[in-house]
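For reference, the structure discussed in these notes is given below.
The values are calculated or read from the model by the stated rules, or taken from the named source; none is laboratory data. Here the structure is a predicted model, which means the values were calculated and not measured. These area figures cover heavy atoms from the full protein model, side chains too; ligands, DNA and RNA do not enter into them. Shrake-Rupley method; radii C 1.70, N 1.55, O 1.52, S 1.80 Å.
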Amino acid sequence: MDLDVVNMFVIAGGTLAIPILAFVASFLLWPSALIRIYYWYWRRTLGMQVRYVHHEDYQFCYSFRGRPGHKPSILMLHGFSAHKDMWLSVVKFLPKNLHLVCVDMPGHEGTTRSSLDDLSIDGQVKRIHQFVECLKLNKKPFHLVGTSMGGQVAGVYAAYYPSDVSSLCLVCPAELQGSAAVEKIPLIPSTPEEMSEMLQLCSYVRFKVPQQILQGLVDVRIPHNNFYRKLFLEIVSEKSRYSLHQNMDKIKVPTQIIWGKQDQVLDVSGADMLAKSIANCQVELLENCGHSVVMERPRKTAKLIIDFLASVHNTDNNKKLD
């Protein structure tokens with residue numbers, strides 16, 4: 001083989017080796033950094049932009065895509081210890097002509113964390129209302145989606161601010177169970193092993209996650225675990241635990257309940273309880289799905305939301321024509 005050709009392959013191989021070695025080194029040494037880059041890249045790919053808005057001295061961080069139009073905007077509330085990017089797997093399957101807003105819940109990710117903040121469900125509902133008013137999102141009624149803790153907040157929001165909401169989607173929204181005496185909270189892992197156990201608790205599908213990825217996930221969470229524990233104890237307190245059930249008969253907008261049949265965190269029987277108390281409600285139970293519906297069945301979740309919105313929108317149009 002000609003020497004020049006050999007040199008070309010050596011140079012090409014060296015050029016490729018640099019980013020490959022950098023990736024491997026990052027994966028082994030800084031897995032948490034890779035996880036952040038991953039979300040940044042996914043947001044960019046899906047056209048989601050990150051913005052900040054302030055209510056007095058309180059900062060909300062959110063991502064959005066599209067602009068308000070004739071269809072209702074969609075506001076999405078994530079669950080306990082998660083963040084706005086957890087919705088990206090669902091956003092991938094939602095039409096690009098919809099106006100989507102995903103906000104970091106109080107104290108999470110880029111939204112202000114204050115020791116003085118009221119972390120009860122009522123307190124979070126009031127904060128989300130401040131966010132909605134800052135964006136003027138309620139200039140026209142919007143579709144509200146929430147999962148787990150975010151579902152609880154979304155349901156109470158619809159009860160407290162009925163004129164803001166055109167329709168509602170609650171994904172596994174029932175109240176968490178626990179007490180102030182809890183020593184170890186499964187939803188607050190501090191080791192790779194505990195992270196693996198949490199993933200198995202939240203997901204029906206069993207999959208083996210590499211140790212370095214588990215370590216990266218833990219590294220991202222550990223600095224926030226004291227806050228998560230404080231938040232958990234607040235939302236399982238008497239003040240918050242039954243807030244959704246105490247207000248569900250006040251929800252008057254069309255409501256969709258989505259629940260994984262194999263949910264090990266929140267019992268699926270909560271879906272039937274909600275359906276009996278909310279006047280205009282439909283329930284979708286997903287087979288072979290656990291608590292992490294948004295992660296396990298993103299395509300199905302997106303389709304259910306789209307179909308539900310279409311049915312509600314068409315019904316509204318028919319009423320206008322009558």
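Using C-alpha pairs under 8 Å with a sequence gap of at least 6, the mean separation divided by the residue count of the range 26-142 gives a relative contact order of 26 percent.
Return a whole-number percent for the relative contact order of the range 62-221, with Cα pairs under 8 Å and 6 or more residues apart as the contact set. Averaging sequence separation for qualifying contacts and normalising by length gives 20 percent for the range 62-221. Legend: residues 204, 62, 52, sorted from most to least accessible area (1.4 Å probe; ligands, DNA and RNA excluded), read 52, 204, 62. Here the range 65-135 exposes an accessible surface that is 49 percent carbon and sulfur, computed with a 1.4 Å probe and the other protein chains kept in place. In the context of the full set of protein chains, residues of the range 70-115 present 30 Å² of accessible surface per residue (probe radius 1.4 Å, heavy atoms only).
How much accessible area per residue does the range 226-298 have, in Å², with a 1.4 Å probe?
Accessible area per residue, the range 226-298: 46 Å².
The alpha-carbon of residue 96 sits under 19 angstrom from the alpha-carbons of these lysines, leaving out residues fewer than 8 places away in its chain: 71, 84, 300, 303. For the residue pairs 139/250; 92/136; 139/230, the alpha carbons lie more than 30 Å apart in 139/230.
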